[in-house]
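Q: Would you mind keeping the following structure in view while I ask a few things?
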Amino acid sequence: MPRKTKPQEEKIENLPSELESTMNESTMSPKLKLQHSLGNLHTNLENIKNREGIIGYIFRTPKSVSIDLKDPTKIIDYAVLSSTVLEAGENLSNTFELGRIHKVTLEGKDIKMLTVKMDDNHLTIFMDKTLDPDRIHKDLNIT
Amino acid sequence: MVKSELYTEALRNTLTEIRNACPDINNSFIFTKDGTIVAGDTETADITIKKALNSFQKVAEKAGTIGGLHNFYVNGDKGKVHISHINDMYLVTAISKDADANYLRSVTQVIVPTILKLLESIIPAPLKSGQPQQLTVNTFSEFFASNTVQVDHELLAQWSESFGRKDINEVEVETLGGETTRCRVKEIDDPNLQRKGIIRIPERVCKALEVNKGEPVKIKPIEP
């Protein structure tokens, strides 16, 4: 029985990193582009999370959730707020015909939160009110 | 024209004129933090406002974790929605994707507070009297058929105050679909359900109104 050919994305995914970085993004498939973006995102997120004023983040993919919060007692509250905000954002997008959501920002009296959506992946970053969520979004460098 | 109508009319005109001056604004309206719609521009449909209010309230209920809801921004491929806290109220603006959000925010956050301040000096406290409230439905079953709904003690006290300290015994409940019914009212007896922005409605009444648990309804007091 002939062996099934592996999808191209998987092959490319396993290339050495120096070779992968030379690839032209415009020639990538959407799935590969997303994987590439997520790879960058993880790197940028690691840098951002150590900044002063960053309280933590919740990163959801369809298969897993990564949570890194300075105060672990608030994990449930923050997780509920994060999903409520995203759901409300999607409802507002339907109501006002905003199209596909890519960024939702919520500002409270004490804390701000930034939620970004990339296909089925959602990242929420919680930060002190003195920080600028737009600046953080820019530094995430999500393409 | 009564004072509250004057207030609403002035704000509606303000929003409509801002929209005329800034074509990037597609919709704009104002509501109070308890969910009462104050005014909307002439182009925004009531159902749009009600849906937006419902989304807002879901976030507001959970926003205690971050010290309450001040501003809420949603950016999409085709446009943006900004909900901004202004003088105990919230201003909602839906703008096109290429709009200069910072410029529009500056315009609205200067003009609207100025108008509000002006109106408050001319027409004092028009929004505090027995205004309708939007609450989330929580159902309960009763052994004996009853049409008594339950709301927070604070809300009853606030209404009572605005009607010369008379007890409020009846309210009108209106669904998003426009179904209305008049019910007797008392305060919520379950301490776990108090101060959550809900109205407890008997299942039988919910069925008649075709409304389900978790959905928003508007409730206003009947003057005693």
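Here, each number is a calculation from the coordinates, and none is a lab measurement. Since the model is a prediction, treat every value here as computed from it, not as a measurement. Virtual Cβ from ideal backbone geometry, glycine too; neighbours counted across all protein chains shown.
Q: What does a probe at residue B:107 reach in the range B:1-40, counting residues whose amide N is under 16 Å from the point 7 Å along Cα→Cβ?
A: B:13-29, by backbone N distance to the label point.
Q: What length, rounded to one decimal in nm, is gained on full extension from residue B:204 through to residue B:179, with 0.36 nm per residue of separation minus their alpha-carbon distance?
A: Going from the current span to full extension adds 7.5 nm.
Q: Once all Cα-Cα distances of the protein assembly as shown are split into 20 Å bins that start at 0, what whole-number percent is in each one?
A: Going out from 0 Å in 20 Å bins, the protein assembly as shown shows 25, 50, 21, 4, 0 percent.
Q: Within the range A:99-143, which residues have the backbone N less than 15 Å from the label spot 7 Å out from residue A:51 along Cα→beta-carbon, could you tell me?
A: A:112-116, A:124-142
Q: Over 25 Å between C-alpha atoms is what I'm after, so list which of B:97/B:218; A:109/B:213; B:196/B:218; A:49/B:97 land there.
A: In this structure, B:97/B:218; A:109/B:213; A:49/B:97 lie more than 25 Å apart at Cα.
Q: Still on this structure, please answer the following. What FRET efficiency would be calculated for the residue pair residue A:132, residue B:88, taking the C-beta separation as r and a Förster radius of 22 Å, to the nearest 0.05?
A: Step by step, r from the Cβ atoms, then E = 0.30.
Q: Would you grab the residues whose amide H sits under 5 Å from the one on residue B:198? Only those 5+ places off in sequence or on another chain, please, with H modelled 1.01 Å from N.
A: B:136
Q: Quickly work out the residue A:94-to-residue A:110 label distance, labels modelled 7 Å from Cα along the C-beta direction, and quote it in nm with one decimal.
A: According to this spin-label approximation, the distance is 3.3 nm.
Q: Please state the relative contact order of chain B as a whole percent: Cα pairs under 8 Å, 6+ residues apart? Spell out each step's value before the answer.
A: Working: 351 pairs, mean separation 44.8, N = 224.
After rounding, I find 20 percent.
Q: Shifting gears a bit: Kindly identify the range B:1-85 as rounded, prolate or oblate by the Cα gyration tensor criterion: order the square roots of the eigenvalues as a ≥ b ≥ c, call it rounded if a/c is under 1.5, otherwise compare a/b with b/c, prolate if a/b is larger, else oblate. Walk me through the intermediate numbers first.
A: Values: a/c = 2.12, a/b = 1.27, b/c = 1.67.
Oblate shape, in that a/c is at least 1.5 and b/c is the bigger or equal ratio.
Q: What order do you get for B:94-107, B:59-72 when each peptide is scored by the mean count of other beta carbon atoms within 10 Å, highest first?
A: Going by the mean number of other Cβ atoms within 10 Å, highest first, we get B:59-72, B:94-107.
Q: Taking 0.36 nm per residue of separation and subtracting the Cα-Cα distance, what length does fully extending residue B:13 through residue B:163 add?
A: Values: separation 150, 0.36 × 150 = 54.00 nm, distance 2.94 nm.
My answer for the length gained is 51.1 nm.
Q: When only Cα pairs under 8 Å and 6 or more residues apart are kept, what is the percent relative contact order across the range B:3-122?
A: In percent, rounded to a whole number, it is 26.
Q: Another question about this same structure. On a C-alpha basis, how far is the centre of the range B:195-224 from the centre of the range B:145-180 in Å? Whole number, if you could?
A: Rounded to whole Å, the Cα centres lie 10 Å apart.
Q: Another one. Rounded to whole Hz and in sequence order, give me ³J(HN,Hα) for the range B:153-158 from the Karplus expression 6.51 cos²θ - 1.76 cosθ + 1.60, θ = phi - 60°, writing x for Gly and Pro.
A: 4, 4, 5, 4, 5, 5
Q: Amide H neighbours of residue B:27 under 5 Å, counting only residues 5+ apart in sequence or on other chains, H built in-plane at 1.01 Å?
A: B:94
Q: Follow-up. Could you compute the net charge surrounding residue B:189? Neighbours are other residues with a C-beta less than 15 Å from the C-beta of residue B:189; K and R count +1, D and E count -1. List each step's numbers first, then the result.
A: Values: positive: B:184, B:186, B:195, B:196, B:200; negative: B:142, B:152, B:154, B:187, B:190.
Once all neighbours under 15 Å are counted, the net charge is 0.
Q: Another question, if that's okay. Tell me, what ³J(HN,Hα) does each residue in the range A:41-46 have, in order and in whole Hz, if you take phi through Karplus 6.51 cos²θ - 1.76 cosθ + 1.60 with θ = phi - 60° and put x for Gly and Pro?
A: Result, rounded to whole Hz: 4, 4, 5, 5, 5, 4.
Q: In addition: Under a crude label model (7 Å from the Cα following the beta-carbon direction), how far is residue B:193 from residue B:50 in nanometres?
A: That separation, rounded to one decimal, is 2.3 nm.
Q: Please compute, for peptide B:86-96, the average count of beta-carbon atoms on other protein chains lying within 10 Å of each residue's beta-carbon.
A: Details: counts 0, 0, 0, 0, 0, 0, 2, 1, 5, 2, 1.
Other-chain Cβ atoms within 10 Å of each residue's Cβ, averaged: 1.
Q: Just from its helices, what would the mean residue ellipticity at 222 nm be for the protein assembly as shown, if runs of 4 or more DSSP H residues each count -39500 (n - 2.57) and the sum is divided by every residue, rounded to the nearest 500 deg cm²/dmol?
A: That calculation yields -12000 deg cm²/dmol at 222 nm.
Q: Please give, to one decimal in nm, the separation of the simple spin-label points placed at residue B:96 and residue A:118, each 7 Å out from Cα toward the Cβ.
A: 3.0
Q: Which whole-Hz ³J(HN,Hα) couplings does the range B:81-95 yield from phi under the Karplus relation 6.51 cos²θ - 1.76 cosθ + 1.60, θ = phi - 60°, glycine and proline marked x?
A: Rounded to whole hertz, the list is 10, 10, 10, 10, 7, 9, 6, 6, 10, 10, 9, 9, 10, 9, 10.
Q: From other protein chains only, count the Cβ atoms within 10 Å of every residue's Cβ in A:77-87, then give the mean. Walk me through the numbers on the way to the answer.
A: On the way: counts 4, 3, 0, 2, 7, 2, 1, 7, 9, 2, 3.
Neighbouring Cβ atoms belonging to other protein chains average 4 per residue here.
Q: What does the charge count near residue A:64 come to, summing +1 for each Lys or Arg and -1 for each Asp or Glu among other residues with Cβ under 15 Å from its Cβ?
A: Details: positive: A:60, A:63; negative: A:68, A:119, A:120.
Net of charged neighbours comes to -1.
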